[in-house]
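Colleague: Right, I'll just put the structure down here and ask away after.
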């Protein structure tokens with residue numbers, strides 16, 4: 001099954017309003033002719049609506065970098081799915097390794113966020129990934145299976161069909177290290193096989209699985225050439241319009 005590539009830029013805790021609008025406009029210019037792939041930007045909450053406004057006439061999708069499971073309430077510092085939607089977002093990154101490692105979000109909390117996103121019409125981008133210690137200890141696939149099953153617990157087939165998975169090895173994020181194309185493909189194939197066990201094979205075959213972890217202009221082409229890699233979740237390289245434009249125009 002041919003899956004439509006998705007190239008996503010996660011700006012993390014970067015960009016002021018002016019910087020974000022300028023960067024979004026530059027990326028918008030280089031994506032106008034792309035009809036065979038999707039481009040997504042995940043700016044900070046503070047500039048979500050401004051970036052959405054700058055790109056309102058483009059095909060670029062907008063996502064939040066996290067999302068709460070409730071529509072409103074006493075959740076200081078959180079952002080609700082309806083807030084994301086009202087700001088112009090249609091998706092949410094969930095379970096990013098920095099949320100798991102720094103802010104100690106576990107699979108149960110990630111799962112609540114996935115359900116919250118789906119309940120209010122957002123596309124969840126469920127992130128999974130192992131640490132260097134877990135990889136060197138031979139526990140990569142065990143950890144990933146726990147994260148996939150835990151993050152998707154109770155998610156229906158219809159919900160899974162609307163979900164994106166992103167594999168981002170913790171040891172490759174912001175380090176300059178990247179999983180080899182063979183390592184990444186092995187994990188992506190494993191995740192797709194696991195999804196086929198949890199859901200129907202046709203759903204597993206249609207789900208987009210992204211790779212994230214120091215994706216750059218020098219490795220995007222070979223990564224995207226792998227059978228089960230359907231896109232990229234890009235960090236640092238997404239903060240530079242020239243490099244991100246090269247990435248979204250991968251060959």
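Colleague: Conditions: (1) touching a strand residue (DSSP E or B) at 6+ places or on another chain (Cβ under 8 Å); (2) surrounded by fewer than 18 Cβ atoms within 10 Å (Cβ to Cβ); (3) within 20 Å of residue 241 (Cβ to Cβ). Residue 60 meets all but one. Number of the miss?
Modeller: The single condition residue 60 does not satisfy is (2).
Colleague: Inside the stretch 116-145, can you point out the residues that are surrounded by 18 or more Cβ atoms within 10 Å (Cβ to Cβ), assigned to a helix (DSSP H, G or I) and touching a strand residue (DSSP E or B) at 6+ places or on another chain (Cβ under 9 Å)?
Modeller: Correct list: 116, 117, 118, 144.
Colleague: Out of all the residues in the stretch 199-222, which are in contact with a helix residue (DSSP H, G or I) (Cβ under 7 Å, 6 or more places away or on another chain), in a helix (DSSP H, G or I) and closer than 27 Å to residue 159 by Cβ? First the steps, then the outcome.
Modeller: Start the filter on the stretch 199-222 by keeping residues that are in contact with a helix residue (DSSP H, G or I) (Cβ under 7 Å, 6 or more places away or on another chain), which leaves 199-200, 203-204, 206-207, 209, 211, 213-217, 220, 222.
Next, from what is left, pick out any that are in a helix (DSSP H, G or I): 203-204, 206, 220, 222.
Matches in the stretch 199-222: 203, 204, 206.
Colleague: Give the stretch 92-111 a look and list any residue that's closer than 19 Å to residue 155 by Cα, part of a loop (DSSP other than H, G, I, E, B) and over 13 Å from the mean Cα position of the chain (by Cα), or say none. Walk me through how you get there before you give the answer.
Modeller: Taking the stretch 92-111 first, the residues closer than 19 Å to residue 155 by Cα are 92-96, 105-111.
Those still in the list that are part of a loop (DSSP other than H, G, I, E, B) too: 95-96, 105-106.
Answer for the stretch 92-111, where residues must be closer than 19 Å to residue 155 by Cα, part of a loop (DSSP other than H, G, I, E, B) and over 13 Å from the mean Cα position of the chain (by Cα): 105, 106.
Colleague: Answer with yes or no whether residue 149 is part of a helix (DSSP H, G or I), at pLDDT 95 or above and surrounded by 14 or more Cβ atoms within 10 Å (Cβ to Cβ).
Modeller: It is true that residue 149 is part of a helix (DSSP H, G or I), at pLDDT 95 or above and surrounded by 14 or more Cβ atoms within 10 Å (Cβ to Cβ).
Colleague: So is residue 155 modelled with pLDDT of 95 or more, touching a helix residue (DSSP H, G or I) at 6+ places or on another chain (Cβ under 6 Å) and not in a helix (DSSP H, G or I) or not?
Modeller: On the way: modelled with pLDDT of 95 or more: yes; touching a helix residue (DSSP H, G or I) at 6+ places or on another chain (Cβ under 6 Å): no; not in a helix (DSSP H, G or I): yes.
Answer is no for this residue.
Colleague: Could we say that residue 7 is part of a strand (DSSP E or B) and either surrounded by fewer than 21 Cβ atoms within 10 Å (Cβ to Cβ) or in contact with a strand residue (DSSP E or B) (Cβ under 6 Å, 6 or more places away or on another chain) (or both) here?
Modeller: Details: part of a strand (DSSP E or B): yes; either surrounded by fewer than 21 Cβ atoms within 10 Å (Cβ to Cβ) or in contact with a strand residue (DSSP E or B) (Cβ under 6 Å, 6 or more places away or on another chain) (or both): yes.
The answer is yes for residue 7.
Colleague: Go through (1) under 19 Å from the mean Cα position of the chain (by Cα); (2) not in a loop (DSSP other than H, G, I, E, B) and name the single condition residue 36 misses.
Modeller: Residue 36 satisfies every listed condition except (2).
Colleague: Which members of the stretch 13-33 meet the condition of being surrounded by fewer than 17 Cβ atoms within 10 Å (Cβ to Cβ) and either in contact (Cβ under 8 Å) with a residue 60 or more places away in the chain or part of a helix (DSSP H, G or I) (or both)? Talk me through it step by step, then tell me what you get.
Modeller: Within the stretch 13-33, the subset surrounded by fewer than 17 Cβ atoms within 10 Å (Cβ to Cβ) is 13-14, 16-19, 22, 25-26, 29-30, 32-33.
14, 17, 18, 19, 22, 25, 26, 29, 30, listed by residue number.
Colleague: From 227, 232, 238, which residue is at negative phi, touching a strand residue (DSSP E or B) at 6+ places or on another chain (Cβ under 8 Å), at pLDDT 95 or above and not in a strand (DSSP E or B)?
Modeller: Values: 227 fails: touching a strand residue (DSSP E or B) at 6+ places or on another chain (Cβ under 8 Å); 232 fails: not in a strand (DSSP E or B).
Sole residue among the options that is at negative phi, touching a strand residue (DSSP E or B) at 6+ places or on another chain (Cβ under 8 Å), at pLDDT 95 or above and not in a strand (DSSP E or B): 238.
Colleague: Name the pairs whose Cβ atoms lie under 6 Å apart, with the first residue in the stretch 168-179 and at pLDDT below 85, the second not in a loop (DSSP other than H, G, I, E, B), and 6 or more positions between them or separate chains?
Modeller: Taking only residues 6 or more apart or on different chains, the pairs are 171/132; 173/97; 178/172; 179/172.
Colleague: Could you look through the stretch 197-212, keep only residues that are in contact with a strand residue (DSSP E or B) (Cβ under 8 Å, 6 or more places away or on another chain) and more than 15 Å from residue 2 (Cβ to Cβ), and pick out the one that is surrounded by the fewest Cβ atoms within 10 Å (Cβ to Cβ)?
Modeller: Once the filter is applied, the top-ranked residue is 210.
Colleague: Report, by residue number, each residue of the stretch 59-68 that is touching a helix residue (DSSP H, G or I) at 6+ places or on another chain (Cβ under 9 Å) and either farther than 22 Å from residue 12 by Cα or not in a loop (DSSP other than H, G, I, E, B) (or both).
Modeller: 62, 63, 64
Colleague: Let me confirm something: among 71, 78, which residue is under 30 Å from residue 21 (Cα atoms), surrounded by fewer than 18 Cβ atoms within 10 Å (Cβ to Cβ) and in contact with a helix residue (DSSP H, G or I) (Cβ under 6 Å, 6 or more places away or on another chain)? Break it down stepwise before answering.
Modeller: Details: 78 fails: in contact with a helix residue (DSSP H, G or I) (Cβ under 6 Å, 6 or more places away or on another chain).
Within the list 71, 78, the selection yields 71.
Colleague: So, one more: Can you say whether residue 184 is more than 14 Å from the chain's Cα centre (by Cα) and part of a loop (DSSP other than H, G, I, E, B), as far as the supplied structure shows? Show your work before the answer.
Modeller: Working: more than 14 Å from the chain's Cα centre (by Cα): yes; part of a loop (DSSP other than H, G, I, E, B): no.
It is false that residue 184 is more than 14 Å from the chain's Cα centre (by Cα) and part of a loop (DSSP other than H, G, I, E, B).
The values are calculated or read from the model by the stated rules, or taken from the named source; none is laboratory data. Every value quoted in this text rests on a predicted model; they were computed, and no experiment measured them. Glycine also receives a Cβ, built like all others from the backbone with ideal geometry; neighbour counts cover every protein chain displayed.
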